[in-house]
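What follows is a single structure, written as structure tokens, with notes after it.
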Amino acid sequence: MNADENTVKNVAVGTFEETYVDDGFFVLTFKNDSSVIQSVEKEIDSDYIQFHFCIKGATRFIFNQGRYILNINEENSLLLYNPQRDLPINLNVDPNSWIVSVLISIKKFHGLFSQEADYISFLNSENKDKKYYKDGTITPSMAIVLNQLINYNLNSSIKNLYFKGKAYELLSLYFNRSEDADIEQCPFLVDETNVIKIRKAKDIVIARMAEPPSLQELADEIGLNLKKLKEGFKQIYGDSVFSFLFDYKMEVARKLLEAGDDNVNEVGHKVGYSTSSHFIAAFKKKYGTTPKKYIMSLT
């Protein structure tokens, strides 16, 4: 399909967060939490298979300087492989959209499935030199791993080890043929309905971060019991509800301070702190410095 010119113009430029998993194996993550479309690009040669997962929002894969577009909507994936030509990544990511991309060389990939390559259609001898693309849906079990990758909250020294485990888990779920895989993977998230409820809980606490509901009020509002809310939130977002909210509030506060339109008291109030002393203590706990010193470090 032809790209609409307005789709590929007037967009901000973003940058992938890239994590090395193994030789010929990388994970790219990108969160567009802004209010404008952002473009992210990366040169990729023809040795790589590309998996793109849209966790939230929508994104577009732009080919041939915008002459052709593939849409990747929320909770959908796109697999791309073309041994005949390079396929550079050029994504237009909508506002409030998250994307995870997994890049793995064909050599590395064959090594994972060398005994069973025939059941993966683009690896069999008949198709090995053909280009291949496939879109699909993200299962609840895959959604958990993807959210853990994009919202990881661990010591940086173990990030690569964590991503390595999660990237392999994601590929195994992607190619798993068992109809019961999701139930085995996560017993309490038997269906997509509960995943949607957990996501709604996250959206609620973000929208009302200055005066968030209690956990019980939140559970009542989304229609899950308290235990399932706490367990589900931890599995999908890798943290408790209020620990997640604390990190989110501090990130918002940091961006407000950088923007420079509000003083320290006003920023604290906007993210839900009634007194500046409480906000300053929270900010220092997160970033190791006070808001005022942080502002000074920007100049």
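The values are calculated or read from the model by the stated rules, or taken from the named source; none is laboratory data. None of these values were measured; they are calculated from a predicted model. Here the Cβ is made from the backbone with ideal geometry for all residues, glycine too, and neighbour counts use every protein chain on show. We work out accessible area using only protein heavy atoms, side chains counted, and drop any ligands, DNA or RNA first. Shrake-Rupley method; radii C 1.70, N 1.55, O 1.52, S 1.80 Å.
Per-structure values
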| read-out | value |
| --- | --- |
| Subset of segment 100-110 that is hydrophobic (A, V, I, L, M, F, W, C) and open to solvent by less than 10 Å² (accessible area, probe 1.4 Å) - its residue that is nearest to Phe175 (Cα to Cα) | Phe109 |
| Residue in segment 92-101 that is at pLDDT 85 or above, assigned to a loop (DSSP other than H, G, I, E, B), under 21 Å from Lys164 (Cβ atoms) and not acidic (Asp, Glu) present | no |
| Residue within segment 111-121 that is at pLDDT below 75 and either touching a helix residue (DSSP H, G or I) at 6+ places or on another chain (Cβ under 8 Å) or surrounded by 19 or more Cβ atoms within 10 Å (Cβ to Cβ) (or both) present | yes |
| Some residue of segment 260-270 being in contact with a Pro (Cβ under 6 Å, 6 or more places away or on another chain) and in contact (Cβ under 8 Å) with a residue 12 or more places away in the chain | yes |
| Segment 222-278, subset part of a helix (DSSP H, G or I), among the acidic types (Asp, Glu) and open to solvent by 50 Å² or more (accessible area, probe 1.4 Å), residue nearest to Pro140 (Cα to Cα) | Glu231 |
| Boolean, Asp22 is modelled with pLDDT under 85, of a type outside the set (A, V, I, L, M) and either under 19 Å from Ala143 (Cα atoms) or open to solvent by less than 70 Å² (accessible area, probe 1.4 Å) (or both) | no |
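Residues are listed down the side, and each one gets a yes or a no for (1) closer than 22 Å to Ala143 by Cα; (2) without any contact (Cβ under 8 Å) to a residue 24 or more places away in the chain; (3) surrounded by 15 or more Cβ atoms within 10 Å (Cβ to Cβ); (4) of a type in the set (Val, Ile, Thr):
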position: Gln50; (1), (2), (3), (4): yes, no, yes, no
position: Arg60; (1), (2), (3), (4): yes, no, yes, no
position: Arg67; (1), (2), (3), (4): no, no, no, no
position: Asn76; (1), (2), (3), (4): yes, no, yes, no
position: Leu87; (1), (2), (3), (4): no, no, yes, no
position: Asn90; (1), (2), (3), (4): no, no, yes, no
position: Trp98; (1), (2), (3), (4): yes, no, yes, no
